[in-house]
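J.: Sharing a structure, written as structure tokens. Questions coming.
The values are calculated or read from the model by the stated rules, or taken from the named source; none is laboratory data. On a predicted model such as this, the values are computed, not experimentally measured, just so you know. With ideal geometry, Cβ positions are generated from the backbone for all residues, glycine too; neighbour counts draw on all protein chains shown.
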Amino acid sequence: MTKKNEECYRCGGIHGSENMKLHGYTICTTCRSKLGLLTDKTIKRHLKSFEKAKAIDPNKLTYEEEIRRRVEYLEKDYISKRIKLFHVLERLDLMIDHD
């Protein structure tokens, strides 16, 4: 799935047909290779490891549950940091307007 004339979210480059959409974000081939995406083989290895741990302790999360938990944590952390930065910008605007 390629997307022409959209900037890569990491480098800002417009590489035409080289840019692609990945989970809603435009990214170029070079930056995509730097993400360190897991291979299917690695994901299967992690899946088996979590299955073994769950067999020993039924209270442990499955691999999918753990990944979903991490995504939720990242989303909440992102929102918190975004609020903090917008607050600083808002305060700066007030300080600059009153000086």
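J.: Would region 52-61 turn up any residue that is closer than 30 Å to ASN19 by Cα and of a type outside the set (A, V, I, L, M)?
T.: Within region 52-61, the subset closer than 30 Å to ASN19 by Cα is none.
No: zero hits.
J.: Further question: Suppose we filter LEU37, LEU22, LEU47 for residues that are surrounded by 10 or more Cβ atoms within 10 Å (Cβ to Cβ), more than 25 Å from GLU6 (Cα to Cα) and aliphatic (A, V, I, L, M); which single one remains? Full working, then the answer.
T.: On the way: LEU37 fails: more than 25 Å from GLU6 (Cα to Cα); LEU22 fails: more than 25 Å from GLU6 (Cα to Cα).
When all the criteria are applied, what remains is LEU47.
J.: From the set of residues in region 4-17 that are loosely packed, with under 13 Cβ neighbours inside 10 Å and assigned to a loop (DSSP other than H, G, I, E, B), which is modelled with the highest pLDDT?
T.: Narrowing region 4-17 to residues loosely packed, with under 13 Cβ neighbours inside 10 Å: 4-5, 12, 16-17.
With the extra rule that they be assigned to a loop (DSSP other than H, G, I, E, B), the set shrinks to 4-5, 12.
On the way: LYS4: 52, ASN5: 67, GLY12: 91.
In this case the residue turns out to be GLY12.
J.: Mind listing whichever residues of region 18-42 are at pLDDT 95 or above and among the hydrophobic types (A, V, I, L, M, F, W, C)?
T.: LEU35, LEU37, LEU38
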